[in-house]
Every structure is written in C-alpha cells, then in structure tokens.
Amino acid sequence: MIMKKYLAVGACGLLAASLTGLLSGTAAAAGEPDTPRDAPKVELVLDVSGSMRTRDIDGASRMSAAKRAFNEVLDAVPADVRLGMRTLGADYPGEDRKVGCKDTRQLYPVGRLDRTEAKAAVATLAPTGWTPIGPALLGAAEDVQGGDSSRRIVLITDGEDTCAPLDPCEVAREIAAKGVHLVVDTLGLVPDSKTRDQLTCIAEATGGTYTTVRHTKELSGRVKQLVHRAADPAVTPSAVSGAGDCAKAPELRAGLYSDREAIGEHRWYRVQVRPGQELRASVSVSADRAVAPDYGVLLRALTVHGREIVRGAEAGTGRTDALSTGLRYPKPELDDVDGEEAPAETVCLQVSNSFSSQEAGKKAPGLPVELTVDLVDGPDDGADVAAFGLGRGWWLLGTLVLVGLLTGLVWGFLSRWRVAVWRSN
C-alpha cells in the first residue's frame, strides 16, 4: 500500500515536471518578449457644439446619447489601455469665430483610468459652441504622442468642421505623413452627406474607419469595439487596390488587406496556391453609412478560365456594421514532374456586395473591405479527405456497422439456442 502511494506521488511529480517543461518550451517557441510592450493609447474626442442639443437619437438629445455611451465605454475599458478624452466646442458660447475655433481642451489625460473621475468629467459637459475638428485632431495627436505603443483617436461628431481654412482632412493627412502609426476612427451622429464625406476622408487618410450612428446602442458598441481593437496586438492591414477583372488583379500573399469597394461593385485579387496547400480566405465589408435593409456579401474562388471552385456568401436583412463570409480550397498534392516541383495554381478571388444606398445614386466613396488570406499545408495524404468530409472516419463507421451486425447475429443465435435447451428440459 505504501509502495503504491510512493509510485503515485512519483508519477504526479513526473507529470508536473513534464507539463512545466512543455509550457516553458511553448512559451519560448512563441517568442514571448522579455520586456512588456508599451500600453496602447486611445483618446476619445467628443463634439460638444451647440448642435448636440438636437433630440433625434432614441428620443433624447445627441449629447445625452454620447454621455450614456461614454459611461458604458468607461466601464468596459481594458486594464492595459491608457485612455484619455478631449472635447471640441465645449467652453465658448460666443460668436467670435477666432475664439470659437480654439475651443478644444483635454477633458481627461491619457493614462491609467480612474472611472469615477472620468465619469464625473463627462457629466459636466453641455452643448455650447463651435465645431473646431481640425484643431481638436492636432491636440489629440499631441495627447497620445510618445512611446512605441499603438495609438488611436476616436472622433465623435454630428457636423462638419466650422473652422476652415484649417481643413480637418488635410490635418489627418499631415498626421499620417509623419509616420507615427496613429489611426483616426470617425463616427457621425445622424450625419448629412457633407459631414459623412468629411469624416470618411479623415478616416481614410489615417487607415481608420468611418461609421454612421443613429442609435445610442450603436454608438457605445462601436466605441467599445474600437477601444478593444487598440488593446489587441492586431496586424495592421496592408492597403491594396483590387481590379475589375482577374487578369489585372494584384497578387496577394498570406496576410491581412484593406480596400474600398463601391456599392454593387466586383473586386478581384489573385493568390498562388501550391499543390498540397489549402487556401483559406475571408472578407468583411462594412456598411459605414445608411443602407437599404436587404444586402449580401459574396466571396468566390475561381480558376483563371472563370470556372468556380468554391464560394462563401452571407446575407442580411437588418442594420449591421459589417457582413463577413469565407471559404476554403484544398489544392490536391501532385507527383513531381521529372523531379521538378509541381507548379502553383493561380486562384482568382472575387469580392462582391449587394448593398444599396438609401440615397439614390450614392455609391461613392467605397465601402471598407478587409480581406484575410492564409495558405496552410493541406493533409499529408489525399486519402484523409473523403466524401462528406468524414475522411478515414468511413473506415471506422463501416467497421462499427459490421461489428454490430455480427454481434446481433451471434446474440440472436445464442438466445434461440438457450430457449431450445430450456424447453427440452
């Protein structure tokens, strides 16, 4: 009994040591950094101009919707994010344009979040003055500068800038030209076409996103999403421009790509898939404006001759921020030809959408597209892939059926034999 106990303890110790070594090896293989990376920085820039008094968001004013959304966002900020807030048009109620266009200040400094203090600062805001978006962006860029962390500005406004000639779109281009890896995302509260165009331009200049917001839930959900995106060490998408047909399409390697696609447009890309590889592709098309309620997204893989290989499709009937779909194409392994490696196959990827704008003829600017391409090694043996996706599971299924049949026959024979013996006695 004592010997069994020692053996059990020894086995547990050996198992613990093995697991420790395995986990250590995994961590080393994963290339974990010796020093922690800088915390990501996010600054929320809120329009507090007089137009925010308008009551057209869920029966409340735009300012009330923004305050409620901010409180929900503050409750959900990840611990490793350094968050700050800046206002524009919050302090000067007068008519002096020169003074009003300087009305931007940091409401809460970028750093570790004190939720009580931040919410108290938000509670003091009341719609007041002008809409100096350009100066606010310049101030926000200074607020998040320094360090090697990711930096993101989230601009929420209900109107276009009122302080030209300092064009906020040009300001965004200047920020992007500095190469500081600062992304500006914009959200328009019930915007008109001019506001939407300006906010789209700001976002495009820095690689950010634009979203139209008409409900409080949409606002809080989108801002939470953007704050959490800053916390994730996500790969920055590479900008690419799809073509009108496969012959002129750009060739993509494994990675994450961003593009713009007009409403109802087809965009083409090419991928080289070697024998024995599996192509995995997915696409997301964002509805960054008000769209009609029925829409869809299609992703197709075709040969260069136009034969469809596989497709993925998704449709929607209600308002959503994005619609996504994907596909998989395993390229069978081929035998070497005269000792040479079999050539790769050119696969054409087609991205299409069936969105329609609520504004007649409004197709531009294009909808944001994110395309993911991955190439992985396929199964080692072609026999692993069989009909209905069961692979070698068919052999197991057939064996179980045969064993069950034989067991039933034997059991039936034995039961009849026992009954016959019992009656004879």
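The values are calculated or read from the model by the stated rules, or taken from the named source; none is laboratory data. Being a predicted model, the structure only gives us computed values, none of them experimental. Neighbour counts run over all protein chains shown; Cβ positions are idealised from the backbone, glycine included.
List, please: which pairs have Cβ atoms under 6 Å, are six or more places apart or on different chains, and start with a residue in the stretch 46-58 that is assigned by TED's automatic domain parsing to the domain that holds Glu218 and end with one that is part of a strand (DSSP E or B) and among the small types (Gly, Ala, Ser)? Filtered contacts from the stretch 46-58: Arg53/Ser61; Arg55/Ser61.
In this structure, Arg260 qualifies as closer than 14 Å to Val351 by Cβ and modelled with pLDDT under 90.
Checking every residue in the stretch 169-192 against the condition of being assigned to a helix (DSSP H, G or I), crowded, with 19+ Cβ neighbours inside 10 Å and of a type outside the set (A, V, I, L, M, F, W, C) gives zero matches.
For the stretch 56-66, a residue qualifies if it is crowded, with 18+ Cβ neighbours inside 10 Å and assigned to a helix (DSSP H, G or I), and the qualifying residues are Arg62, Met63, Ala65, Ala66. Only one of the numbered conditions (1) in the same structural domain as Ala292 (by TED's automatic domain parsing); (2) among the polar types (S, T, N, Q); (3) at pLDDT 75 or above is not met by Gln358, and that is (3). Filtering the stretch 202-211 to residues that are in contact (Cβ under 8 Å) with a residue 60 or more places away in the chain and under 17 Å from the mean Cα position of the chain (by Cα) leaves Glu204, Thr209, Tyr210, Thr211. Being touching a strand residue (DSSP E or B) at 6+ places or on another chain (Cβ under 8 Å), among the polar types (S, T, N, Q) and crowded, with 21+ Cβ neighbours inside 10 Å is a property that Thr303 lacks. The single condition among (1) in the same structural domain as Met63 (by TED's automatic domain parsing); (2) out of contact with any helix residue (DSSP H, G or I) (no Cβ under 9 Å at 6 or more places or on another chain) that Val213 does not satisfy is (2).
Among the residues of the stretch 174-209, those that are closer than 12 Å to Ala141 by Cβ and not aliphatic (A, V, I, L, M) comprise Glu174, Lys178, His181, Thr206. The residue of the stretch 277-319 that is modelled with the lowest pLDDT, among those that are acidic (Asp, Glu) and touching a Ser or Thr at 6+ places or on another chain (Cβ under 9 Å), is Asp288. Every listed requirement among (1) in a helix (DSSP H, G or I); (2) of a type outside the set (Gly, Ala, Ser); (3) farther than 24 Å from Ser149 by Cβ is met by Tyr269 save one, (1). Listed by first and then second residue, the pairs with beta-carbon distance under 6 Å, at least 6 apart or on different chains, first residue in the stretch 269-288 and under 14 Å from Arg328 (Cβ atoms), second acidic (Asp, Glu), are Val273/Glu345; Arg280/Asp374. For the stretch 274-310, residues that are within 30 Å of Asp185 (Cα to Cα), out of contact with any Gly (no Cβ under 7 Å at 6 or more places or on another chain) and outside any strand (DSSP E or B) total 6. Is it the case that the stretch 84-99 has a residue that's surrounded by fewer than 20 Cβ atoms within 10 Å (Cβ to Cβ), in the same structural domain as Val223 (by TED's automatic domain parsing) and either within 20 Å of Pro191 (Cα to Cα) or among the aromatic types (Phe, Trp, Tyr) (or both)? Yes: the stretch 84-99 contains one or more residues that are surrounded by fewer than 20 Cβ atoms within 10 Å (Cβ to Cβ), in the same structural domain as Val223 (by TED's automatic domain parsing) and either within 20 Å of Pro191 (Cα to Cα) or among the aromatic types (Phe, Trp, Tyr) (or both). Please enumerate the residues belonging to the stretch 236-279 that are surrounded by 15 or more Cβ atoms within 10 Å (Cβ to Cβ), polar (S, T, N, Q) and under 26 Å from Ala203 (Cβ atoms). Result: Ser258, single match. Arg196 falls short on exactly one of the conditions (1) among the basic types (Lys, Arg); (2) at pLDDT 90 or above; (3) in the same structural domain as Ala60 (by TED's automatic domain parsing), and that condition is (2). In the stretch 101-156, the residue that is modelled with the lowest pLDDT out of those that are part of a loop (DSSP other than H, G, I, E, B) and polar (S, T, N, Q) is Ser149.
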